[in-house]
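Only one structure is covered here, and it is reproduced in the block below.
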Amino acid sequence: MLTFCFMAIIHVMLLTAAIWILVIEMKLFFYKEYRKYPPFVPSFGAEKKNIISNIRNVLKNSLSNMTILDPGCGTGTLLFELAKEFPNHKFVGIEWNKFAYFICRLRAKKYNNVKIYCDDMFNCDIGGADIIVCFLIEPLMKKFGQKIMRDNYKTQIIFSNTFKIPNLPLVEKIKTGKGSFFKGVYVYKL
Ligand SMILES: C[S@@+](CC[C@H](N)C(=O)[O-])C[C@H]1O[C@@H](n2cnc3c(N)ncnc32)[C@H](O)[C@@H]1O
C-alpha cells in the first residue's frame, strides 16, 4: 500500500511537471510579451551537470574564497549542490518570483553560505560576484550583458545556460545536447 501511494505521488509530481513545462512552452510560443522574461524553469539535464562541474573545477582550484551569483536563481537549482560541497565559498541568488523565492529561502535555511534576495536583478549590484551563472532568455541577454559590464569590478567567469550574451567576450561554447532548444553552455571571461 505504501509503495502504491509513493508511486502514485511520484507519478502525479511528474505529470504536474510535464504539464507545467508544456504550458510554459505554449505561452512562450503564443505570447510575445511573455517571451521577454525568463520563465520559472530550472536548469536541468546536461546543461545543469556541465555548469555545476565547471564551477566545481574552478572552486577546487581556487586559492581564495569566491562568491557565486545566480541572478534569476529560481528555486536555487544551480546553487545548493555546490553550496553544500564548498562551505567556504559564498552563494548568492536573486529571484523576483515570490513563490520561487519562498522555496529557495526555505532551502537556504540549512546553509550558512547561501544568501537569497527577492528583487529585480536589474536593481541590484551584481558586480561583486567572482562567478556568475545564469539561465535567462534571448531578448534579455543584451541588457544583461550591459548590466554585467556596468556593475563589474570583480567578476571573472560567466556561465550562461542555453543563451548567448552577445556583448561579452565568449571564450567557449560547450555543446551539451542534441535537442533543438537546450543544447549548450556559453562561457565568458572578463
Ligand atoms: C529559467 S529560470 C532559471 C532558474 C535558475 N537560475 C536555474 O538555472 O535553475 C529564470 C528565473 O529568473 C527569474 N527572473 C527573471 N527575470 C528576473 C529579474 N529581472 N530579476 C530577478 N529574477 C528574474 C524568473 O522568475 C525565473 O525563476
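Values in this text are rule-based calculations from the coordinates and carry no lab data. As the structure is a prediction and not an experimental result, all values here were calculated from the model. When we count neighbours, we look across all protein chains shown, and the Cβ atoms used for this are built from the backbone with ideal geometry, even at glycine.
For region 97-147, which positions are among the small types (Gly, Ala, Ser) and either within 30 Å of LEU63 (Cα to Cα) or more than 14 Å from the chain's Cα centre (by Cα) (or both)? Spell out the reasoning first.
Applying the first criterion (among the small types (Gly, Ala, Ser)) to region 97-147 yields 100, 108, 127-129, 145.
Result: ALA108, GLY127, GLY128, ALA129, GLY145.
Taking region 128-153 as the search range and keeping residues that are free of Cβ contacts under 8 Å to residues at least 60 places away in the same chain and in a loop (DSSP other than H, G, I, E, B), which one is farthest from the ligand (Cβ to nearest atom)?
Among those that are free of Cβ contacts under 8 Å to residues at least 60 places away in the same chain and in a loop (DSSP other than H, G, I, E, B), it is TYR153.
Considering only residues that are of a type outside the set (A, V, I, L, M) and surrounded by fewer than 16 Cβ atoms within 10 Å (Cβ to Cβ), look in region 89-110 and name the one that is farthest from PRO38 (Cα to Cα).
Step one: list which residues in region 89-110 are of a type outside the set (A, V, I, L, M), which gives 89-91, 93, 95-99, 101-102, 104-105, 107, 109-110.
Right, trim to surrounded by fewer than 16 Cβ atoms within 10 Å (Cβ to Cβ) and you get 98-99, 102, 109-110.
On the way: LYS98: 14, PHE99: 15, PHE102: 18, LYS109: 26, LYS110: 27 Å.
Looking at residues that are of a type outside the set (A, V, I, L, M) and surrounded by fewer than 16 Cβ atoms within 10 Å (Cβ to Cβ), I get LYS110.
Return the residues of region 167-190 that are touching a residue at least 24 places away in the same chain (Cβ under 8 Å) and either touching a Leu at 6+ places or on another chain (Cβ under 8 Å) or surrounded by fewer than 13 Cβ atoms within 10 Å (Cβ to Cβ) (or both); say none if nothing qualifies.
Within region 167-190, TYR186, VAL187, TYR188, LYS189, LEU190 qualify.
Mind listing whichever residues of region 117-157 are touching an Asp or Glu at 6+ places or on another chain (Cβ under 7 Å) and among the aliphatic types (A, V, I, L, M)?
Taking region 117-157 and keeping what is touching an Asp or Glu at 6+ places or on another chain (Cβ under 7 Å), we get 118, 125-127, 133-134, 151, 154-156.
Scanning region 117-157 gives ILE126, VAL133.
Within region 52-69, is there a residue that is buried (at least 17 other Cβ atoms within 10 Å of the Cβ) and hydroxyl-bearing (Ser, Thr, Tyr)?
yes
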